[in-house]
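These notes are about the structure you will find just below.
The values are calculated or read from the model by the stated rules, or taken from the named source; none is laboratory data. The shown structure was predicted, so the numbers you read here are calculated from the model rather than taken from an experiment. Here the Cβ positions follow ideal geometry from the backbone for every residue, glycine too, while neighbour counts run over all protein chains shown.
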Amino acid sequence: MSKGKNQHVTKHGDNWQVKGAGNERATKVVNTQKEAIKIGREIATNQQSELVIHGRNGQIRDKDSYGHDPRNIKG
């Protein structure tokens with residue numbers, strides 16, 4: 001299975017959106033960040049990609065990876 005696009009949760013006016021990396025249009029626009037994170041997590045899991053959560057100011061506040069991470073990394 002090939003790795004899909006990273007999913008970004010960002011503000012969209014008064015709402016929140018889930019948007020694939022490089023896409024012009026949002027995959028989904030919802031009322032709350034919590035709802036957008038849930039949808040983004042499902043998509044990232046299915047596509048084995050990364051979920052990038054942005055805060056209200058647009059800066060990245062968290063990342064979750066759902067791909068095939070190497071298991072031999074120390075630390």
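Can you name every residue in the stretch 2-23 that is hydroxyl-bearing (Ser, Thr, Tyr) and either modelled with pLDDT under 95 or in a loop (DSSP other than H, G, I, E, B) (or both)? Outline the logic, then answer.
Narrowing the stretch 2-23 to residues hydroxyl-bearing (Ser, Thr, Tyr): 2, 10.
Ser2 - this is the single residue of the stretch 2-23 that is hydroxyl-bearing (Ser, Thr, Tyr) and either modelled with pLDDT under 95 or in a loop (DSSP other than H, G, I, E, B) (or both).
Table: residues versus (1) farther than 11 Å from Gln7 by Cβ; (2) outside any helix (DSSP H, G or I); (3) of a type in the set (Asp, Glu); (4) under 11 Å from the mean Cα position of the chain (by Cα).
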residue	(1), (2), (3), (4)
Arg25	yes, yes, no, no
Val29	yes, yes, no, no
Ala36	no, no, no, yes
Arg41	no, no, no, yes
Ala44	no, no, no, yes
Gly58	yes, yes, no, no
Arg61	yes, yes, no, no
Asp64	no, yes, yes, yes
Gly67	yes, yes, no, no
